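First up is the structure itself, then whatever we jot down about it.
What follows is calculated from the coordinates using simple rules that are stated; it is not laboratory data. On a predicted model such as this, the values are computed, not experimentally measured, just so you know. Virtual Cβ from ideal backbone geometry, glycine too; neighbours counted across all protein chains shown.
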Amino acid sequence: MRTPLLKKLKDAGASKWFAGHTHVNCGGWSGENFEVVVSAACGVVVDPALQDVGAQSPNLPNGRLGPDVSGLRLVCVDKGVIGHRWFTHDSVPESVDPAADAQAWAAAGDVVSKL
């Protein structure tokens, strides 16, 4: 199901697919020109190696089960350039410059892992 959808998105000129709520940051590339970016949930980051996560107490220490820290992803778009960056809740900037940040974040890349 995913492969036909990726083809349709690419054929329509899309270059990125943003998704979320997997409790981990991950992503990768479909071919060389289509990036898939998956952002962790804002509340709890789960270590995928843990078993029976659903049975864990709802009172999680520090709001996390895994080694990553909760946060959010900001996306800036400017003149055909799409840049994105993950921030912990404590490091979210007070403001962004869409033009400059789109360029800088796109150049730096922020894909956590390859699919």
ask   = Between Ala107 and Ser95, what length comes free when the chain is fully extended (0.36 nm per residue of separation minus the Cα-Cα distance, one decimal in nm)?
value = 2.4 nm
request  = Work out the FRET efficiency for Lys8 and Phe87 from their Cβ-Cβ distance, taking R0 = 25 Å, and round it to the nearest 0.05.
outcome  = 0.20
inquiry  = Give me a comma-separated list of calculated 3J(HN,Hα) values for region 86-96, in order, Karplus coefficients 6.51, -1.76, 1.60 applied at θ = phi - 60°, integers in Hz, x for any Gly or Pro.
reply    = 8, 10, 6, 4, 7, 10, 5, x, 5, 8, 10
